[in-house]
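Quick notes on the structure that follows.
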Amino acid sequence: MKDQVRVAAIQMKVAWLDVEANLANMTRLVTEAARNEGVELVVFPELASSGYVTPKNKAFMIRYVMTAQKIPGAYTAGLGEVARKHGVYLVAGMLEAHPLVAGTLYNSAVLIAPDGKLVGVYRKCHIPSEEKHYFYAGTEVGIYQTELGVVGVMVCADNAFPEMGRLYALKGAEIVAIPYSRERKVNADLYKSIVTCRAYENQYYVVAANRVGQEGDLVFEGRSCIAGPLGDVLASSQSEEEEIVTATIDSETLIASRAWQARFRDRRPDLYGPLSQAF
């Protein structure tokens, strides 16, 4: 990992089913982050191209499918342009149309390099609740070698599975970017607690970007945060408004945490067999 990296979690309002409006807003926010914060890695929320799903509804499903973007396509090209203009890595959630099978969707996130090129596509692997009516599950983890370090990409509910976080650590992840669409809950601190717990137990950095705004009955809570390998919150939002949350992360803290607590050495995979078995 690079000695120091300036990262940003951008919580934004997402215009429902309006890719052009969302891309314009993302462009504005990246410009602001790059100008005022000097960031090198920017993370946007889940499904930032399109907005979230509704309970199963045929009319909405048709509109939703029509909003989906292929990769490469106009959405990734627009992200590539703004990444190249400001010399930053971008992670952004998107509604992805299957490359071959019409009407088939993935809940995806892309990693774009500072030269505007696509580094990788991650497709959400853990599909919860109403999303099961819309999305196929991904089949591969998202681990990418970059000039910043080894960047892992998950999407929202993936981070609720500790097995996934540990897998990323064992594959070398140093920074994990997680686009979220977490709605307002009774326990407003739960989301932040999960993020910091994953960062601590796997001794890496987590940049979690949640969205804000409302779609139908869903109100999204924001409160984006950045957590470190010591389980500390490096920066967080306390609002449900658009906001850019930034922090500087460093390799020394990551290495020191792993040297002091040899968590990977102390693992007992001989005891964990049931974790890989179907329920």
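Arg198 meets each of the listed conditions (1) open to solvent by less than 10 Å² (accessible area, probe 1.4 Å); (2) closer than 21 Å to Tyr122 by Cα; (3) touching a Gly at 6+ places or on another chain (Cβ under 6 Å) apart from (1).
Of the residues making up the stretch 226-237, those that are in a strand (DSSP E or B) and in contact with a Phe, Trp or Tyr (Cβ under 9 Å, 6 or more places away or on another chain) are Ile226, Ala227, Leu234.
Within the stretch 41-61, the set of residues being open to solvent by 40 Å² or more (accessible area, probe 1.4 Å) and touching a residue at least 24 places away in the same chain (Cβ under 8 Å) comprises Pro55, Lys56, Met61. Looking at Val155, Val119, Val151, just one residue is within 25 Å of Ser239 (Cβ to Cβ), among the β-branched types (Val, Ile, Thr) and touching a strand residue (DSSP E or B) at 6+ places or on another chain (Cβ under 6 Å), and that residue is Val155. With respect to the conditions (1) in a helix (DSSP H, G or I); (2) crowded, with 19+ Cβ neighbours inside 10 Å, Glu240 lacks only one, and its number is (1). No other residue among Val212, Val233, Val207 is open to solvent by 10 Å² or more (accessible area, probe 1.4 Å), within 19 Å of the chain's Cα centre (by Cα) and aliphatic (A, V, I, L, M) apart from Val233.
Flag: Ala173 matches the condition of being closer than 23 Å to Arg123 by Cα, assigned to a loop (DSSP other than H, G, I, E, B), of a type in the set (A, V, I, L, M, F, W, C) and open to solvent by less than 20 Å² (accessible area, probe 1.4 Å).
Comparison of Val65, Val121 shows that the only residue that is hydrophobic (A, V, I, L, M, F, W, C) and either assigned to a loop (DSSP other than H, G, I, E, B) or surrounded by fewer than 19 Cβ atoms within 10 Å (Cβ to Cβ) (or both) is Val65. The residues of the stretch 132-149 that are in contact (Cβ under 8 Å) with a residue 24 or more places away in the chain, out of contact with any helix residue (DSSP H, G or I) (no Cβ under 8 Å at 6 or more places or on another chain), within 16 Å of Leu95 (Cα to Cα) and not hydrophobic (A, V, I, L, M, F, W, C), listed by number, are Tyr136, Gly138.
Within the stretch 105-127, residues that are at positive phi sit with their Cβ atoms under 8 Å from residues that are of a type in the set (Lys, Arg), at 6+ positions apart or across chains, in these pairs: Gly116/Arg84.
The values are calculated or read from the model by the stated rules, or taken from the named source; none is laboratory data. Note that this is a predicted model, so its numbers are computed, not measured. Reconstructed Cβ throughout: ideal geometry from the backbone, glycine too, with neighbour counts over all protein chains shown. Heavy atoms of the whole protein, side chains included, go into the accessibility calculation; ligands, DNA and RNA do not. Shrake-Rupley method; radii C 1.70, N 1.55, O 1.52, S 1.80 Å.
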